[in-house]
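Right, one structure below, let's go through it.
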Amino acid sequence: MSHFFRELLSKILGKSVYLQIRNQHLYRMKKFFFSLSLLIFVSCLSAQDTQTLFTLDGKAITTAEFEKIYTKNNINNQADYSESSLNEYLDLFINFKLKVAEAEALQMDTIRSIKSELSTYQKQLVKNYANDKEVSEALLQEAYDRSTLEVDASHILVRWPSSYPSAKDSALVLKQIMNIRKGLRASSFAKQAKLKSQDPSAAENSGRLGYLTAFQTVYPFENALYKTKAGEISAPVATQFGYHLVLVHDVRAARGKIKTAHILIKSKEGDSSEKKALAKATANQIYQDLMQGVIDFATAVKQYSQDSKTKFQEGQLPELSTAEMITEFADAAFAIEKNGDFAEPVQTALGWHIIQRVSKTEIGTFDEAKAGLGSKISRDSRSNVAQTKNDQDSKVNFGYTTDKNHVNDLIFDLAKSYDSGTFTLNEEDYTAIIFSIGEDAFTQKDFIVYLKKTVKKAVTNPAVLPALLKGAYDKYESMKIQQYRETHLAEINEDYKDLMQEYHDGILLFELTDREVWSKAVMDTAGLKKFYDENKSNYMWSDRIAYTSYTFYNEKAAIKGLKCIVKGMSPATILAKLNRKETQVTIKSSKVLAEEFNYGSADIAVGTVFSNTLDDGKNEKIVVDALLGPEPKKLNETRGYVISDYQSYLEKNWIINLKQKYNIEVNQEVFKSMIK
């Protein structure tokens, strides 16, 4: 590749971007993505800095666009605004713009492979820009802040009567939970939970959930946990399970996660007193043996533990947080101060445990946790918060209308038509528009077709159909708004628009330059040969020495071989003569630059023989065959350099032709105003 084009791409696109593009070409890979941090040749333009620096066939290129490149490509933005430096960059930038203009004139962005590249990049990039940045950052910060705390809570649940509760169902359940809340106090919460909660576990735990942290419950319930003060009861909170009341007992700093191993001696509530006593005594004896070094922990696990799942894994459990362990177990585990230490036997509903700490992970910094939290948020219902905000933003920016009557009529007809797992109405009869976003309108028919494709599971209770259909419609509308937002994001997001334009121009530039310069220089063998023949004087050897190296395996062979050399025998004859029975000599002919010949003094003549003893004891004889003066290198000896120069030649002529084809007018007054 020519130096000129390397300089252009590396300065205009950034070195990392340029290298990535070129590597993709070399390895024939179809997919590549520019480093967003280095794609800098177009940026948002400030209103006060939009003077035209030059025009290309009448199209204005502003000082703001040029200066963004110029300052960004200077270390720490220490741009040198001297006339020579600005001129250099301007020349590079004009050449870049010429090539992009040529690629667009050739409609290269309609080529299938390029369209595929652009589409792939667009799909990747839109993920970073489709969501509201402020909302996404707020969710990350909220998740991190909450993950640093653990909330001890109890709850009372009144369940929905079905999986798809209607508005009437919701009102009824809300009334029930409000009746429970009347007069409810923290002191009576456990009793009321045991009596009235529809959580099956409440009969045993009186609604007590223990300590919880972020992502361990559904998002609406988590909100109630962290927004309710210790000692207080929340307002009713709706989740997919029903309405909850949440009592917060305590809030403490999160303990992080701990990996443990344990020895379990089973002991249940229903066991006899003798059996319970034996279990406790056994656990205590094992603990004493461990403390006294009579037995090591891994051996004790194999010999005594009654946990069949961990018995042959040295008793090791997964890394867990407080909420993922039985309370008594968690308290004992987190009380152990050092890895390898173990706690006194602790009793849980399963029996007696002797716990060893394997490792402990503390809560990291926000930056350390950010990536993991982002992944969790994307899989969690809280991501709906960002989606809802996006939908609202899209409705405002693109324009949104809806006809609730047409929506409600359609839901009513669909529910009425449902029979044996199928919606029987004919979608062709439903043409009314139900909503529009931007320039796209969606009809009742569109939703019916979507519904028939997506609702596969038969509904056994017809009463839930209206609520199910309303949920499906809301999902459909949100999906279509999101798709429209992604397709038209450039209309409302300047950063996204600029990056897409950067990639568009960059890939066109790469493909066109490959066609006109890179591949052409490699494939045009006749043109390359002609260029070489016309420029042989640029590829010259300096003075060289041609010599033959004889390596003799022993002293006898060296003496015999030297006699043959003195007699003027050819290397082939010497090789045949000495190696008749076994290998006694190896021979190699070489050429080396005169200044790199390290065997003799400056007085070297043809026929001179130099002797050298090698490290392995073999004897080497160097015979000077010829003293070679300067001469042109053969094409195969310098092909890489010739190709590089040929590319520069092709590119130089290409630029000349482009400048003749397109009209460039630089506003010298504006340019000089930039000089500092």
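Computed packing ranks the peptides 606-612, 418-424 as 606-612, 418-424, most packed first, by mean other Cβ atoms within 10 Å. Only Lys, Arg, Asp and Glu carry charge here, each on its Cβ (+1 for the first two, -1 for the last two); on that basis region 536-676 has a dipole of about 520 debye about its Cα centre. Counting only heavy atoms of the protein chains and using a 1.4 Å probe, residue 296 has close to 80 Å² of accessible surface.
Counting heavy atoms of the protein chains alone, residue 373 has an accessible area of about 10 Å² for a 1.4 Å probe. Amide H contacts for residue 351 (H built 1.01 Å from N in the peptide plane; partners 5 or more residues away or on another chain; cut-off under 5 Å): 267. Computed on region 270-424, the Cα convex hull volume stands at 247 Å³ per residue.
For region 173-288, the equivalent ellipsoid derived from the Cα gyration tensor has semi-axes of 35, 20, 12 Å, listed largest first. Close amide H contacts of residue 554 (hydrogens built in the peptide plane, cut-off under 5 Å, sequence separation of 5 or more or a different chain): 619. Which one, 300, 106, 69, projects farthest toward the positive side of the charge dipole computed for the chain from Cβ point charges (K/R +1, D/E -1)? Toward the positive end, the furthest listed residue is 300.
Among 116, 234, 206, the sequence by solvent-accessible area, most first, with a 1.4 Å probe is 116, 206, 234.
The share of accessible area on region 411-548 that comes from carbon and sulfur is 50 percent, using a 1.4 angstrom probe.
Since only 138, 608, 539 are under comparison, the one whose Cα sits farthest along the positive direction of the charge dipole of the chain, derived from C-beta charges on Lys, Arg, Asp and Glu, is 608. A convex hull fitted around the alpha carbon atoms of region 451-572 yields 436 Å³ per residue. Per the Kirkwood treatment, what hydrodynamic radius in Å, one decimal, follows for the chain from the mean inverse distance over all distinct Cα pairs? With all distinct Cα pairs of the chain included, I get 34.6 Å. Net charge of the neighbourhood of residue 676, taken over other residues with C-beta under 14 Å away and scored Lys/Arg +1, Asp/Glu -1, is -2. Ranking 112, 515, 252, 639 by solvent-accessible area of protein heavy atoms (1.4 Å probe, all protein chains present), from largest to smallest, gives 112, 515, 639, 252. Let me test this: with uniform point scatterers at the alpha carbons of region 465-525, what is the Debye-based log₁₀ I(q)/I(0) at q = 0.12 1/Å? Once normalised to I(0) and log-transformed, intensities are -0.57. Over the Cα atoms of region 240-318, the radius of gyration divided by the Kirkwood radius equals 1.16; this is the Rg/Rh ratio. Residue-wise HN-Hα couplings along region 610-620, as the Karplus relation 6.51 cos²θ - 1.76 cosθ + 1.60 with θ = phi - 60° gives them from phi, are 10, 10, 8, 9, 7, 4, 8, x, 6, 10, 10 Hz; Gly and Pro carry x. With just the Cα atoms defining each centre, how far is region 510-583 from region 204-279? Give it in Å. Centre-to-centre (Cα) distance: 80 Å. Taking a sphere under 12 Å around the Cβ of residue 80 and counting the other residues whose Cβ falls inside, with K and R at +1 and D and E at -1, yields a net charge of -1. Over the Cα atoms of region 582-671, the radius of gyration divided by the Kirkwood radius equals 1.37; this is the Rg/Rh ratio. Sparsely packed loop sites in region 146-206 (the trypsin sites (Lys or Arg not before Pro) outside DSSP H, G, I, E and B with at most 15 other Cβ atoms within 10 Å) comprise 182, 185.
The label point for residue 596 and the one for residue 675, both projected 7 Å from the Cα toward the Cβ, are 4.7 nm apart. In this structure, residue 404 and residue 175 have a Cβ-Cβ separation that, at R0 = 25 Å, corresponds to a calculated FRET efficiency of about 0.40. Charged side chains reduced to their Cβ positions (Lys and Arg at +1, Asp and Glu at -1) give the chain a dipole of some 2160 debye around its Cα centre.
Taking all protein chains together and a 1.4 Å probe, the residues 262, 249 rank 249, 262 from largest to smallest accessible area. When the helices of the chain are scored as -39500 (n - 2.57) per DSSP H run of n ≥ 4 and the total is divided over every residue, the value at 222 nm lands at -15000 deg cm²/dmol.
Over region 128-211, the ratio between the Cα radius of gyration and 2.2 N^0.38 Å evaluates to 1.49. Distances between placed amide hydrogens fall under 5 Å for residue 210 paired with 153, all partners being 5 or more residues away or on another chain. Look at the dipole of the chain built from charges on Cβ: of 662, 283, 347, the Cα furthest out on the positive end belongs to 283.
The distance between label points at residue 663 and residue 637 comes to 5.3 nm (points 7 Å beyond Cα on the Cα→Cβ vector).
Which residues does a label at residue 537 reach in region 616-643, if reach means a backbone N under 14 Å from a point 7 Å past the Cα toward the Cβ? Answer for region 616-643: 631-632. Between region 346-399 and region 137-200, the C-alpha centres lie 21 angstrom from each other. Cβ-Cβ distance of residue 588 and residue 84, R₀ of 41 Å, FRET efficiency by 1/(1 + (r/R0)^6): the value works out to about 0.20.
The values are calculated or read from the model by the stated rules, or taken from the named source; none is laboratory data. Here the structure is a predicted model, which is why all the values come from computation and not from measurement. Positions of Cβ are generated from backbone atoms using ideal geometry, with glycine treated the same way; all protein chains shown enter the neighbour counts. Accessible surface is based on the protein model in full, side chains and every heavy atom, while ligands, DNA and RNA are left aside. Shrake-Rupley method; radii C 1.70, N 1.55, O 1.52, S 1.80 Å.
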